[in-house]
Amino acid sequence: MSDQIPVLQIGKVLLVSIQTDLDDNAVTQLQDDLADQVITTGAYGVVIDITAVEIVDSFVGRMLATIASICRMLDAETVVVGMRPAVAITLVELGLSMGGVKTALNLDNGLQALERARARRHGGEREVDAGDVRTSPASW
């Protein structure tokens, strides 16, 4: 499928790097693909990098919130990273609160947010997994 957005696995985190503006079909396909891959991989986190996205409409904004909700239901946290100021302004002007969607300025901050959420979820105890994503010596 030509408009399919690749989903990369890094340890137990799925990384989606959106490199083009999204149309309705691509967002719907991404929702389905991510749900399947969260189950298949046992991922505890999803990072959606929208650094390259310049335009977001209300449908795409709602779908990002829906994707985060679906992943949460499947026991995976979602962080959207790299939002441009114009995109944030547009989402606010459209009245989309994006409730439940965590955001971070960049990929590194997003990965750190997932680690913190995972640590809280497990009562501060860190599970050791060879596939863990380590973002800095402080998180080792």
*What are the pairs, 6+ residues apart or on separate chains, where a residue within segment 18-30 that is touching a residue at least 12 places away in the same chain (Cβ under 8 Å) has its Cβ under 8 Å from a residue that is among the aromatic types (Phe, Trp, Tyr)?*
Asp24/Phe59; Val27/Phe59
*Kindly list, by first and then second residue, each pair from a residue in segment 45-74 that is modelled with pLDDT of 90 or more to a residue that is of a type in the set (Asp, Glu), limited to pairs with Cβ atoms under 8 Å and residues at least 6 apart or on different chains.*
Gly45/Glu77; Val46/Glu77; Cys71/Glu77
*Look at Ile89 and say whether it is over 13 Å from the mean Cα position of the chain (by Cα), closer than 20 Å to Gln4 by Cα and not in a strand (DSSP E or B).*
no
*Say we look at segment 1-28 and pick out the residues that are more than 25 Å from Val92 (Cα to Cα) and among the polar types (S, T, N, Q); which of these is modelled with the highest pLDDT?*
Gln9
*On the given criteria, is Ala88 surrounded by 19 or more Cβ atoms within 10 Å (Cβ to Cβ) and among the aliphatic types (A, V, I, L, M)?*
no
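Checking the structure you have, find out if any residue of segment 113-130 is part of a loop (DSSP other than H, G, I, E, B) and modelled with pLDDT of 90 or more.
No, that holds for no residue.
The values are calculated or read from the model by the stated rules, or taken from the named source; none is laboratory data. What you are looking at is a predicted structure, and each value in this text was computed from that prediction instead of being measured. Cβ atoms come from the backbone with ideal geometry, glycine included; neighbour counts cover every protein chain shown.
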